[in-house]
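Each remark here refers to the structure printed beneath this line.
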Amino acid sequence: MRRSLVIGLAMGTVAVAMAGIVAEAFAQARPLDMIRYRQSAMKGNGGYLNALNAYAKGEVTLVTKDTIKAYAAALAGTSLEIPGMFPAGTDTGRTNAKPEIWQKNADFLAAAKRLGEESTKLAEVATGGNEAAMKEQIGKVAQACGGCHQPFRKPLPPASR
Amino acid sequence: MKDGDPMTSTPANVVLKCLASVFAIAGAMLLAAAPAAAQANADAIKRGEYIFRAADCSPCHTDTKNKGALLAGGRALPTPFGTFYSPNITADPVNGIGKWTDADFTRALRQGVSPDGSHYFPVFPYTSFTLMTDQDIKDLKAYIFSLPTVPLANKPHNIGFPFNLRFLQIGWKMLFFTEGVYKPAPAKSAEWNRGAYLTEALGHCAECHTPRNLLGGMDRSRWMAGSIDGPEGEMAPNITPHEATGIGEWDDIDLAYMLKTGAVPGGDVVGSLMAEVIRESTGKLTDADRTAMAKYILSLPAIDHKIEKPR
């Protein structure tokens, strides 16, 4: 009875330790996957923003206020994910993330939040449908992107854009 | 003094009375002139603020990273020659430039020479500001002198021998500096000339976007063609209209929009030092001025110069 309890406890400890190792391995395995994921998500942001820019610049007239609302919602959505996309240990390799992301993390989170606020505002403005206001707010969204890239991302060579 | 007072008719008293009325008239004239002068100064400050934005003076002279006060200096500017610390340019009379005359200020921007006659290092882009008009320089000073003063002492630069020798700057200037106000090109439109002035004299875009030689001089044969090791060691892309290696696919709408928002045609948004330029400078200009800059830049010779850094 006592013996089995000891064995049970020991096995439990081993199991907990193993689970810890597995979790650790999961978090640390392939930082590259996380880097690729966030770069894809950012490319997605770029796609939505670029479609909005084409409208703001007057290059296309195709875009409706409903599309603008949908794009704005998508951007607001990814803004919530940004904090989780930069776990510790993903600061080296094929990434343009700057170490300041982890050194000044509160500022980084604030920059992500600002993107959420500006894109939510765009969705609101789009509901009203005022063309000048929508164009102005699209510029604000772009500035929120730049507001994070400025302190937290290394410059990209134009060829990779 | 009352009428009939025996003193009234003495010659001395007459002179005194005359003087008094002269002062009264002069005083009245001064009072009348004061609002006009104040108005002229307010106009100069207002124009100066726009010049200040267009010339992007604040980022270098403000230690934003450490929450430093506007124009109080102390921002670290790392270069291949060592780290420079920008000086305090608030109107503080002890630590800043509060005692400077208009002529002192003009000489600093036009010639890169300080009031005591020593030569500035070209991290201070006087090499571009030399192109500014006298009027713009005066207005700029009026604006800077209208801002709060900050009693923060300057930090010495941390640069190695022999680059720390200021007198060597005389030689540097002979090699790489041409002094003089921007001369409009008569064959070009007013808009083109305005764009050139904003880009070259005020915006000093070339200071970052032109590669430098070993002595830190700008390579005039590759004007705006990008630099792999720009300021703070960051690469600055080729912004000549070269199709493959520059921004040849952009039109003036794209470039003006990027100067307003930071968004580039591929969907990305610039960061690093350029985001700061947009936030503090080009983003605050008029649409007409941004368009003039865009048209000017896209009229530059296309230079094949690939800027790439392995990721």
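Just one of the numbered conditions (1) within 25 Å of A:GLU136 (Cα to Cα); (2) open to solvent by less than 40 Å² (accessible area, probe 1.4 Å); (3) of a type outside the set (D, E, K, R); (4) facing another protein chain (nearest Cβ under 9 Å) is not true of B:SER281: (4).
Matching residues to (1) of a type in the set (A, V, I, L, M); (2) out of contact with any helix residue (DSSP H, G or I) (no Cβ under 6 Å at 6 or more places or on another chain):
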position	(1), (2)
B:MET174	yes, yes
B:TYR182	no, no
B:ALA187	yes, yes
B:LEU198	yes, no
B:LEU215	yes, yes
B:PRO237	no, no
B:ILE247	yes, yes
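This table checks each residue for (1) touching a Lys or Arg at 6+ places or on another chain (Cβ under 6 Å); (2) more than 12 Å from every other protein chain (Cβ to nearest Cβ); (3) modelled with pLDDT of 95 or more.
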{"position": "B:TRP223", "(1), (2), (3)": "no, yes, yes"}
{"position": "B:ILE239", "(1), (2), (3)": "no, no, yes"}
{"position": "B:ASP252", "(1), (2), (3)": "yes, no, yes"}
{"position": "B:TYR296", "(1), (2), (3)": "no, yes, yes"}
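Yes or no: region B:163-179 includes at least one residue that is aromatic (Phe, Trp, Tyr), open to solvent by 70 Å² or more (accessible area, probe 1.4 Å) and outside the structural domain of B:LEU298 (by TED's automatic domain parsing). Yes, because at least one residue in region B:163-179 is aromatic (Phe, Trp, Tyr), open to solvent by 70 Å² or more (accessible area, probe 1.4 Å) and outside the structural domain of B:LEU298 (by TED's automatic domain parsing). Only one of the numbered conditions (1) part of a helix (DSSP H, G or I); (2) over 22 Å from the mean Cα position of the chain (by Cα); (3) of a type in the set (D, E, K, R) is violated by B:ASP304, and that is (1). Just one of the numbered conditions (1) at pLDDT 95 or above; (2) surrounded by 13 or more Cβ atoms within 10 Å (Cβ to Cβ) is not true of A:ALA106: (2).
The C-beta contact set for region B:142-153 (first residue assigned by TED's automatic domain parsing to the domain that holds B:ASP92 and within 9 Å of B:ASP92 (Cβ to Cβ), second residue in a loop (DSSP other than H, G, I, E, B) and among the hydrophobic types (A, V, I, L, M, F, W, C), distance under 8 angstrom, 6+ apart or interchain) comprises B:THR149/B:ALA91; B:VAL150/B:ALA69; B:VAL150/B:LEU70; B:VAL150/B:LEU71; B:VAL150/B:ALA72; B:PRO151/B:VAL94; B:LEU152/B:ALA69; B:LEU152/B:ALA72. Looking across region A:51-94 at every residue that is open to solvent by 40 Å² or more (accessible area, probe 1.4 Å), without any contact (Cβ under 8 Å) to a residue 24 or more places away in the chain and within 9 Å of chain B (Cβ to nearest Cβ), the one that is nearest to A:GLU124 (Cα to Cα) is identified as A:GLY58.
The values are calculated or read from the model by the stated rules, or taken from the named source; none is laboratory data. Please read these numbers as outputs of a predicted model, since none were measured by experiment. Here the Cβ is made from the backbone with ideal geometry for all residues, glycine too, and neighbour counts use every protein chain on show. The protein model used for the area step is the full one, side chains on, heavy atoms only, and it has no ligands, DNA or RNA in it. Shrake-Rupley method; radii C 1.70, N 1.55, O 1.52, S 1.80 Å.
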